[in-house]
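Report on the following structure.
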Amino acid sequence: MLNEFSRTELLIGKEGMEKLANSRVAIFGIGGVGGYTVEALARSGVGQLDLIDDDKVCITNINRQIIATRSSIGKYKVDVAKERILDINPKALVNTYKMFYTPENADEFDFSKYDYVVDAIDTVVGKLEIIERSKKANVPVISSMGAGNKMHPEMFEVADISKTSVCPLAKVIRQQLRKRKIKNVKVVYSKELPIEPKEDMAISCRNHCICPPGTVHKCTNRRAIPGSNAFVPSVVGLIIAGEVIKDLIGFTA
């Protein structure tokens, strides 16, 4: 019977669609990258999605985050994403967690319940914890490396972390995983050299922070505020979603 996923089923078949409908994927970070990953997973028919992010939509998110619109400003990103998912697929089960993921609260998540884990957060400590927990639970994980300060989406590629180069974030993660003796981690990264952001205090969050009271990861607390655009984070998010979908259904070509 014709349905919202009929065109996808033409590519992966009924069995593939059933695998996706019975899959549970956790996405840590619902921003520029994670938001597009969530969008593509929902539109692919993934049956259960866990969304983890403590942030609220800010006006500065509108340039790159699919959930960010004038009407969603001030709302929790996980709530906006959940509403969007259910509008796409009312049968989906969506679990939301309004929290900033750290090693201190990692025990609140049972990684063994997931069929796949997506790391789309910004902090090194959090990324390492997600990867380590996924590996211990024997659950596939894919991690987004640096997407900020980039202008060439066509340069992003999928690779094992051990094969990465140039990307400063990938270098740090690679070194830390080696110390932990963790191998075989799939990442999306780019060899493009980061652009130095043009600091303009007239539009800087450091002088004009509008994050609501109680925000944990305020821009004023960040070491650096990266520049971004509409076409790099979205591509990274869609690449990640594609890898998740293909791995879940066992697609090879």
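The values are calculated or read from the model by the stated rules, or taken from the named source; none is laboratory data. In this text, all values refer to a predicted model and were calculated from it rather than measured experimentally. As a convention, Cβ positions derive from the backbone with ideal geometry for all residues, glycine included, and neighbour counts pool all protein chains shown.
Yes or no, residue by residue, for (1) assigned to a helix (DSSP H, G or I); (2) modelled with pLDDT under 95; (3) on the phi > 0 side of the Ramachandran plot:
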position: V188; (1), (2), (3): no, no, no
position: E192; (1), (2), (3): no, no, no
position: I195; (1), (2), (3): no, yes, no
position: A224; (1), (2), (3): no, yes, no
position: G227; (1), (2), (3): no, yes, no
position: V236; (1), (2), (3): yes, no, no
position: I240; (1), (2), (3): yes, no, no
position: V244; (1), (2), (3): yes, no, no
**Q.** Restricting region 102-121 to residues that are out of contact with any strand residue (DSSP E or B) (no Cβ under 6 Å at 6 or more places or on another chain) and either modelled with pLDDT under 95 or under 13 Å from S23 (Cα atoms) (or both), the residue that is surrounded by the fewest Cβ atoms within 10 Å (Cβ to Cβ)
**A.** S112
**Q.** Some residue of region 70-91 being on the phi > 0 side of the Ramachandran plot, in contact (Cβ under 8 Å) with a residue 24 or more places away in the chain and surrounded by fewer than 16 Cβ atoms within 10 Å (Cβ to Cβ)
**A.** yes
**Q.** Which numbered condition G148 fails, given (1) surrounded by 18 or more Cβ atoms within 10 Å (Cβ to Cβ); (2) free of Cβ contacts under 8 Å to residues at least 60 places away in the same chain; (3) in a loop (DSSP other than H, G, I, E, B)
**A.** (2)
Q: Output the residues belonging to region 109-145 that are assigned to a loop (DSSP other than H, G, I, E, B) and more than 13 Å from the chain's Cα centre (by Cα).
A: F109, D110, Y114, D115, A137, N138, V139, P140
Q. Restricting attention to region 40-65, and to residues there that are within 21 Å of Y101 (Cβ to Cβ), touching a residue at least 40 places away in the same chain (Cβ under 8 Å) and among the polar types (S, T, N, Q), which single residue is surrounded by the fewest Cβ atoms within 10 Å (Cβ to Cβ)?
A. Q48
Q. Among the residues of region 20-38, which ones are in contact with a helix residue (DSSP H, G or I) (Cβ under 8 Å, 6 or more places away or on another chain) and surrounded by fewer than 21 Cβ atoms within 10 Å (Cβ to Cβ)?
A. R24
Q: Could you check region 1-105 for helices (runs of 4 or more DSSP H) lying wholly inside it with 1 or more residues that are within 30 Å of G227 (Cα to Cα)?
A: 32-43, 77-88
Q: Run E199 past the list (1) exposed (fewer than 14 other Cβ atoms within 10 Å of the Cβ); (2) closer than 29 Å to A159 by Cα; (3) modelled with pLDDT under 90 and report the number of the one that doesn't hold.
A: (2)
Q: Report whether or not N207 is farther than 17 Å from G32 by Cβ and at pLDDT 95 or above.
A: no
